[in-house]
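**Student:** Have a look at the structure that comes next, please.
Values in this text are rule-based calculations from the coordinates and carry no lab data. Everything numeric in this text was worked out from a predicted model, so none of it was measured. Don't worry about glycine lacking a Cβ; one is built from the backbone with ideal geometry, like all the others, and counts go over all protein chains shown.
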Amino acid sequence: MSILNADLHCHSFVSDGTVSPEQLAARAAANGVELWALTDHDEIGGQRRAAQAAQANGIKYLTGTEISVTFAGQTVHIVGLGFDADDPEMLQGLMDTRGGRGARAMEMSDGLAKVGIRDAYQGALRYVGNPELISRTHFARHLVESGVCKDTNEVFRRFLTEGKPGFVAHRWASLKDAVQWITAAHGVAVIAHPARYKFTANEEFALFSEFKAHGGQGVEVVTGSHTAAEYVKYGETAREFGLAASRGSDFHSPDESHTDLGQLPYLSGGLRPVWDLLADRIR
Ligand code: AMP
Ligand code: MN
Ligand code: MN
Ligand code: MN
């Protein structure tokens with residue numbers, strides 16, 4: 001069924017969102033979301049709370065996460081949906097993926113110090129909800145609040161992207177491992193916001209082909225990170241690769257996110273919704 005207000009991508013303060021799983025569930029319900037997944041980066045510590053809050057708010061729930069992967073020298077995000085949140089290999093894989101974040105954050109801080117921004121690590125830590133999950137987003141919030149930049153977009157542009165002083169190249173999980181953790185835990189792997197990557201056509205083709213070969217089954221088509229033209233483009237890509245389509249806001253914060261929970265166009269009728277593959281995993 002395409003006409004379903006499903007929001008299968010968002011973040012709580014268990015990763016780099018600013019609100020709790022309970023606040024997200026209430027907001028999703030108020031916005032008319034019928035099927036929801038909390039997809040914190042590299043972390044499933046919020047899943048139990050999210051599932052309970054979904055039930056309390058009368059909305060359906062799928063387990064979720066968004067895994068950081070390195071592919072062809074870039075960071076790609078793979079969303080996992082409907083997996084068993086107690087699966088030991090999944091838990092271990094996510095823990096390993098989170099593992100490098102502390103040292104990376106200190107290196108980022110050293111880079112920022114070289115351009116006169118001191119103690120950024122300590123500053124960013126004040127915004128962290130989960131000590132294992134310090135991310136660039138927390139540095140961005142700190143640099144906005146301390147008056148260095150006017151918004152987080154400016155922070156990323158001037159300081160936190162490749163070639164900029166606070167950027168630290170990092171090796172995340174492999175595509176193969178991320179897809180296999182998800183599928184071995186009986187979930188469905190989904191390529192997140194494909195239009196956000198800066199791949200050549202050949203690299204993008206390789207991403208989709210290898211993802212599919214490893215057992216990946218879905219791609220985000222309607223997301224807060226895509227334009228209307230990109231909904232069409234990646235709808236075609238989904239059909240071309242025989243992938244199911246997903247829909248999600250990528251909501252992080254009431255103050256920062258331009259797309260609110262559930263406030264997106266429906267998937268087009270010609271696409272197979274990813275939730276059709278997960279009917280028996282919906283709670
Ligand atoms: P990390 O996992 O530490 O590399 O941080 C990645 C996160 O930074 C993403 O999940 C987004 O939430 C955020 N992000 C990336 N690029 C931007 C941007 N241009 N503006 C605002 N937030 C961004
Ligand atoms: Mn994020
Ligand atoms: Mn992402
Ligand atoms: Mn996300």
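**Student:** Among 266-276, 106-116, how do they line up from the highest to the lowest mean number of other beta-carbon atoms within 10 Å?
**Tutor:** Values: 266-276: 18.7, 106-116: 16.0.
Taking the mean over residues of other Cβ atoms within 10 Å, the ranking is 266-276, 106-116.
**Student:** Along the charge dipole of the range 14-117, pointing to its positive end and built from +1/-1 on Cβ of Lys, Arg, Asp and Glu, which listed residue (Ala51, Gly17, Ala72) has its Cα farthest out?
**Tutor:** Gly17
**Student:** Sticking with this one: Using per-residue counts of other Cβ atoms within 10 Å, averaged over each peptide, order 192-205, 137-150 from highest down.
**Tutor:** Ranking the peptides 192-205, 137-150 by packing returns 137-150, 192-205.
**Student:** For the chain, what does the convex hull of the Cα positions come to per residue, in cubic angstrom?
**Tutor:** 114 Å³
**Student:** Right, next: How much FRET efficiency would the formula 1/(1 + (r/R0)^6) give for Ser146 and Ser253, where r is the Cβ-Cβ distance and R0 is 25 Å, rounded to 0.05?
**Tutor:** Step by step, r from the Cβ atoms, then E = 0.90.
**Student:** So, in nm, how far is label Arg118 from label Tyr266 when the simple model puts each one 7 Å beyond its Cα toward the Cβ?
**Tutor:** 5.8 nm
**Student:** Next question, about the same structure. How many angstrom separate the Cα center of the range 114-146 from the Cα center of the range 210-232?
**Tutor:** 30 Å
**Student:** Same structure, new question: Here is the link list: Lys176/Lys233; Lys198/Lys233; Lys212/Lys233; Lys150/Lys198; Lys150/Lys176. Which ones come out longer than 27 Å on Cα distance?
**Tutor:** Going by Cα-Cα distance, Lys150/Lys176 fall outside the 27 Å limit.
**Student:** On to the next question. What is the magnitude of the charge dipole of the range 101-160 about its Cα centre, with +1 placed on the Cβ of each Lys and Arg, -1 on the Cβ of each Asp and Glu, and no other charges, expressed in debye to the nearest 20?
**Tutor:** The dipole of the range 101-160 has a size of about 120 debye.
**Student:** I would also like to ask the following. Toward the positive end of the charge dipole of the range 101-160, about the Cα centre and with charges on Cβ (Lys, Arg +1; Asp, Glu -1), which of Val144, Ala105, Val128 goes farthest?
**Tutor:** Val144
**Student:** Right, here's the next one. Using modelled amide H (1.01 Å from N, peptide plane; none on Pro or chain starts), what sits under 5 Å from the amide H of Ala244, excluding residues fewer than 5 places away?
**Tutor:** When sequence neighbours closer than 5 places are left aside, the close amide H contacts are Gly218, Val219.
**Student:** Relative to a virtual label point 7 Å from the Cα of His186 in the Cα→beta-carbon direction, which members of the range 265-283 show backbone nitrogen distances below 18 Å?
**Tutor:** 275-283
**Student:** Per 0.36 nm of contour for each residue apart, how much would the distance between Gln52 and Phe241 grow if the chain were fully extended, relative to their Cα-Cα spacing?
**Tutor:** Using 0.36 nm per residue and subtracting the Cα-Cα distance, I get 64.5 nm.
**Student:** Please give the charge dipole size of the chain, origin at the Cα centre, charges +1 on K and R Cβ atoms and -1 on D and E Cβ atoms. Round to the nearest 20 debye.
**Tutor:** For this selection, approximately 420 debye.
**Student:** Right, next: Step through the residues of the range 64-79 one at a time and calculate ³J(HN,Hα) from phi using the Karplus curve (6.51 cos²θ - 1.76 cosθ + 1.60, θ = phi - 60°), rounding each to whole Hz and writing x for Gly and Pro.
**Tutor:** x, 7, 10, 8, 7, 10, 9, 9, 6, x, 10, 8, 10, 10, 10, 8
**Student:** Okay, next question. For a label point 7 angstrom out from the Cα of Lys60 toward its Cβ, which stretches of the range 26-54 have the backbone nitrogen within less than 14 Å?
**Tutor:** Inside the label zone: 33-37.
**Student:** Separate question: Return the sequence-ordered ³J(HN,Hα) values of the range 48-59 in whole Hz as given by the Karplus equation 6.51 cos²θ - 1.76 cosθ + 1.60 applied to θ = phi - 60°, using x for Gly and Pro.
**Tutor:** Working through the residues one at a time gives 5, 4, 5, 5, 5, 5, 4, 4, 4, 9, x, 10 Hz.
**Student:** Moving on to the next point. In terms of the Cα gyration tensor, with a ≥ b ≥ c the square roots of its eigenvalues, is the range 134-230 rounded because a/c is under 1.5, prolate because a/b exceeds b/c, or oblate?
**Tutor:** prolate
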